[in-house]
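**Q** Dropping a structure here in structure tokens format, bear with me for questions.
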Amino acid sequence: MDRFNYLTRNQNTTTPFGYYDSTQIPYYWDYASQFVLFDNFFSSAMTISAPNYQYILSAQMNPDPAFFNDPPWEIAVGMDNYTTIMNELDTNNISWKFYHGWFDPTRYFATLNNTQDTPNILPDGNLFTDIAGNNLPSVSFTTPSQSEHQPPQDIKLGEDSTVSILNAIMASSYWNSTAVFITWDDSGGWYDHVPPPQVDGFGYGFRVPLLIVSPYAKQGLVDHTLSDHTSLLKFIETLYSIPPLTQRDAQANNLMEAFNFSQSPRNPLSLPGIYVPNHYPLQLMSSLNPLNVGESVTTTTVSSSANPSPKFQQVTFTATVNSTTATGTVQFNDNSTTPLTVLGIGALSSGTATYSTPSLSSGSHSIVAKYLGDTNYQASTSGAIAQTVNQATTTTTVSSSPNPSTSGQLVTFTAGVNSTTATGTVTFYNGTQTLGTGTLSGGTA
């Protein structure tokens with residue numbers, strides 16, 4: 001190359017573009033290596049965020065005949081009236097919700113601002129509440145509060161938000177029947193070494209990543225199939241036999257090649273998702289700080305109802321957040337494993353959330369509670385408590401049949417252990433003499 005990337009017009013900087021590697025966004029790379037990454041996935045329009053959201057939800061950004069809003073057509077103002085994928089889901093009696101942060105793209109559409117659809121459009125904190133309460137719809141959309149990835153924001157804010165959502169899903173009953181699609185509305189820049197194909201007067205725009213995380217996603221697949229934002233619509237339409245909205249989604253790739261639905265569901269990939277500030281690709285930006293969006297700082301503590309506890313005893317962990325008005329959920333993690341294990345999710349109410357389990361294995365556990373935040377309060381993570389789980393105590397009884405017995409008669413000795421889940425063997429003795437062993441099953445040997 002001719003080092004053109006070091007030349008800028010009327011600017012006194014050294015590098016007009018950069019990239020993030022696995023040391024800066026490790027969890028996105030973890031998802032890509034374990035699930036599916038589309039590297040030939042384009043934004044639908046060569047423009048900014050808002051029009052691309054129109055493509056993401058409706059496969060168009062301007063209705064015909066007012067193609068460019070030029071005379072003689074009346075200039076379009078206010079909300080658009082064309083059909084969205086949510087309207088099609090309504091028509092086909094398929095449930096949906098849109099969980100939004102500070103940015104709510106549904107407000108662009110008059111077709112979504114009605115008494116039927118408004119209850120389906122909720123602040124993003126409700127996503128965690130619905131996961132914990134087994135109340136997710138068939139199709140969910142979300143634009144999380146901490147999702148900003150362009151300067152001067154810190155990309156780790158968005159990565160942490162993504163990890164929190166995926167951890168919650170992976171720890172829930174939804175995991176074995178869920179596919180999560182993670183993408184960005186635009187590239188945030190003005191350069192890519194892959195020229196966007198031109199499909200009409202608006203697009204494509206530059207490439208953006210698409211990650212697909214699912215128990216049925218192929219492992220470590222990097223898919224080079226040409227796709228764009230409307231491919232997300234095509235997947236929904238293919239899955240539910242819904243007709244396309246426009247020519248864009250009609251011709252789009254449906255993303256089905258990313259899945260192997262005949263494979264056994266894959267195990268979750270639980271990641272820490274702990275926010276680390278100031279990960280920027282260029283040294284000149286290292287002094288910038290994440291944008292403060294006005295969320296209040298929180299602290300979280302965690303306690304145990306019984307510590308130490310015997311195996312099989314139910315233990316309740318209680319997380320306390322220093323605000324009785326904070327909402328959302330708390331994720332309870334066991335940090336003693338690598339990667340960490342998400343134990344479960346608890347809904348926050350009046351500053352506390354709980355999670356109970358009788359299933360901790362014997363040994364030492366490092367329990368951490370992570371408050372996932374809401375639109376008004378920042379996420380926070382507690383310090384770890386060392387939870388010790390001891391082996392369960394047992395009692396054993398023995399009986400014989402027949403008793404009394406005659407010389408040479410077969411005698412059966414039966415040992416009873418006060419746990420039907422205990423395993424192993426029982427050794428029978430006559431004083432100090434070993435008579436034999438029996439395998440324990442259902443509490444008897």
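**Q** Residue 96's amide H: which non-local residues (gap 5+, or another chain) put their own amide H closer than 5 Å, with H modeled 1.01 Å from N in plane and none for Pro or chain starts?
**A** 138, 139
**Q** Can you tally the net charge around residue 243? Count Lys and Arg as +1, Asp and Glu as -1, for every other residue whose Cβ sits under 13 Å from the Cβ of residue 243.
**A** Value of the local net charge: -2.
**Q** Take each of the peptides 400-408, 243-251, average the number of other beta-carbon atoms within 10 Å over its residues, and list them starting from the highest.
**A** By packing density, highest mean first, the sequence is 243-251, 400-408.
**Q** Give me, ordered by chain and number, the residues 5 or more places off residue 154 or on other chains with an amide H under 5 Å from its own placed amide H.
**A** The answer is 291.
**Q** Net charge near residue 50: determine it from the other residues with C-beta under 14 Å of the C-beta of residue 50, scoring Lys and Arg +1 and Asp and Glu -1.
**A** Neighbour charge sum, excluding residue 50 itself: -3.
**Q** Output ³J(HN,Hα) for region 309-325: one whole-Hz value per residue in order, computed from phi by the Karplus curve 6.51 cos²θ - 1.76 cosθ + 1.60 with θ = phi - 60°, and x for Gly and Pro.
**A** Taking θ as phi minus 60°, the curve returns 9, x, 3, 6, 7, 6, 10, 10, 9, 10, 9, 10, 9, 7, 7, 7, 9 Hz for region 309-325.
**Q** Whole-Hz Karplus ³J(HN,Hα) for region 218-227, in order, using 6.51 cos²θ - 1.76 cosθ + 1.60 and θ = phi - 60°, x for Gly and Pro?
**A** 5, 7, x, 7, 10, 9, 9, 5, 4, 8
**Q** Return a whole-number percent for the relative contact order of region 396-439, with Cα pairs under 8 Å and 6 or more residues apart as the contact set.
**A** Across region 396-439, relative contact order equals 29 percent.
**Q** Now for a separate question. Using amide H atoms built in the peptide plane, which far-off residues or other-chain residues are under 5 Å from residue 203 H to H?
**A** 46
**Q** Below 14 angstrom from the Cβ of residue 317, what's the summed charge of the other residues (Lys, Arg +1; Asp, Glu -1)?
**A** Around residue 317, the charge tally is 0.
**Q** Okay, moving on. Determine, for each peptide in 421-434, 48-61, the mean count of other beta carbons within 10 angstrom over its residues, then list the peptides with the highest first.
**A** Output ranking for 421-434, 48-61: 48-61, 421-434.
**Q** Need one word for region 345-413: rounded, prolate or oblate. Basis is the Cα gyration tensor (sqrt eigenvalues a ≥ b ≥ c); a/c below 1.5 gives rounded, then a/b vs b/c decides.
**A** Verdict is prolate for region 345-413.
**Q** Need the C-alpha centroid separation for region 19-41 versus region 330-376, integer Å.
**A** Using only Cα atoms to place each centre, the spacing works out to 26 Å.
**Q** Separate question: Could you go through region 237-245 in sequence order and give the Karplus-derived ³J(HN,Hα) for each residue, using 6.51 cos²θ - 1.76 cosθ + 1.60 with θ = phi - 60°, rounded to whole Hz, and x for Gly and Pro?
**A** 5, 5, 5, 10, 6, 9, x, x, 7
Each reported figure results from applying straightforward, stated rules to the coordinates on display, with no laboratory input. Fair warning: this is a prediction, and the values are worked out from it, not measured in the lab. A quick note on method: Cβ atoms are made from the backbone with ideal geometry, for glycine too, and the neighbour counts reach across all protein chains shown.
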